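Taking it in order: structure first as structure tokens, then the write-up.
Every number here is computed from the coordinates shown, using simple stated rules; none is lab data. Bear in mind that the values here come from a model prediction, so they are computed numbers and not experimental data. For neighbour counting, all protein chains shown are included, and Cβ atoms are generated from backbone atoms with ideal geometry for every residue, glycine included.
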Amino acid sequence: MDANTKHLLPMWAIALALGGITTFGIAAAIMRGDYLVPCIVLTVGVFILLQRWYVRRKILLLFRERTPDKAIAYYRRSTSALPNGRAIGSYLSSFALAVYGEYDRSREELAAVSWGSLPPMYEGFRTHVLSTLALLQEKNPKKALDLAQEARDLCSVSSAFPGSAQSRKAIEAHMCACELLTGEAPDATVSRLEVSLRELNAFALVLPAWSLSLHFSRSKQQDKANKYAAIVRELAPHCHPLNAEDSTAFQSARNSYAG
């Protein structure tokens with residue numbers, strides 16, 4: 001059994017056990033003609049779904065702020081009680097700093113955690129941020145692609161774990177974005193990336209959409225470039241390295257990735 005599975009299995013085993021007990025309790029209550037318990041469980045389930053929607057909505061709103069500070073404060077607060085919450089909060093905060101162009105702060109945030117003492121997936125989180133920094137700060141898509149592939153391997157877990165398929169789609173879309181900006185990607189990469197934008201959670205769209213806007217701008221297909229640039233502006237209007245509105249940064253990126 002690999003280290004990531006050993007790390008995740010106890011947490012999901014507890015969740016599955018509680019789910020099984022709850023299901024058994026609901027079935028027993030219905031057989032007795034007692035519908036109070038099922039109604040309570042249904043109410044709790046609806047509340048959890050609404051809370052998940054609220055969290056996703058809140059994160060989207062935080063990335064429309066002019067600085068990343070509110071997003072960082074939220075990440076630190078919301079992850080503090082999780083297992084290895086300090087590392088998860090650092091990963092999320094450093095990614096936010098990277099897309100806002102605060103590269104030194106992003107690296108400092110990563111340096112504050114002893115990643116080597118944690119399961120490989122956490123090193124994968126760190127490597128994902130380093131890939132983002134290679135893309136945005138260093139403008140080195142080949143290095144970014146190598147790091148993204150490394151992050152994928154480090155974060156690899158069984159598809160049996162809930163959320164693993166969506167996470168894999170996100171990292172593979174990031175890899176496609178890096179590959180696209182090397183200028184050596186096959187035509188299929190563009191198609192895969194465009195399809196992935198319909199499957200990813202909202203903020204996971206930002207870097208793939210940005211890469212497509214640069215690709216189509218470089219290819220003189222301005223209508224398509226504008227389409228994807230508009231997605232980036234909608235989701236992250238003040239993340240200056242990603243926005244055509246910040247003309248200096250955008251033109252510099254386009255020129256750097258042009259060849």
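Would you work out if segment 186-242 is rounded, prolate or oblate? Take a ≥ b ≥ c from the square roots of the eigenvalues of the alpha-carbon gyration tensor; rounded if a/c is under 1.5, else prolate when a/b is larger than b/c, oblate otherwise.
Oblate, because a/c is 1.5 or more while a/b does not exceed b/c.
Give the aspartates and glutamates reachable from K227 as a straight Cα distance under 16 Å; neighbours fewer than 8 places away on the same chain don't count.
Partners found: E194, E245.
Summing +1 for each Lys or Arg and -1 for each Asp or Glu, what net charge is found among the other residues whose Cβ lies under 14 Å from the Cβ of A87?
Spelling it out: positives minus negatives among the neighbours equals +1.
Hey, fewest Cβ within 10 Å first, where do W210, W115 land in order?
Ranked by crowding around the Cβ, least crowded first: W115, W210.
Please give every one of the lysines within straight-line cross-link reach of K224, meaning a C-alpha to C-alpha distance under 25 Å, and leave out same-chain neighbours fewer than 8 residues apart.
Reachable lysines: K139, K142, K169.
Would segment 110-247 count as rounded, prolate or oblate if I go by the C-alpha gyration tensor, calling it rounded below 1.5 in a/c and otherwise prolate when a/b exceeds b/c, oblate otherwise?
Judged from the Cα gyration tensor, segment 110-247 comes out prolate (a/c at least 1.5, a/b above b/c).
Need the full-extension length gain, S117 to N201, defined as separation in residues times 0.36 nm minus the C-alpha distance. One decimal, nm.
Using 0.36 nm per residue and subtracting the Cα-Cα distance, I get 27.3 nm.
What trypsin sites (Lys or Arg not before Pro) in segment 138-203 are in a loop by DSSP, with at most 15 other Cβ atoms within 10 Å of the Cβ?
Sites meeting the loop and neighbour criteria: R198.
Please rank D187, D153, fewest neighbouring Cβ atoms within 10 Å first, as an exposure proxy.
D187, D153
Note the full-extension length gain between T43 and A73 as 0.36 nm times their separation in residues minus their Cα-Cα distance, in nm to one decimal.
7.8 nm
Rounded to the nearest 0.05, what FRET efficiency do E194 and M31 give with R0 = 41 Å and r taken as the Cβ-Cβ distance? Could you check?
0.25
At 0.36 nm per residue, minus the direct Cα-Cα distance, what do T182 and K224 gain on full extension? Give it in nm, one decimal, please.
Between T182 and K224, full extension yields an extra 13.2 nm.
For a footprinting-style exposure proxy, rank T182, T127, T79 by other Cβ within 10 Å, fewest first.
T182, T79, T127
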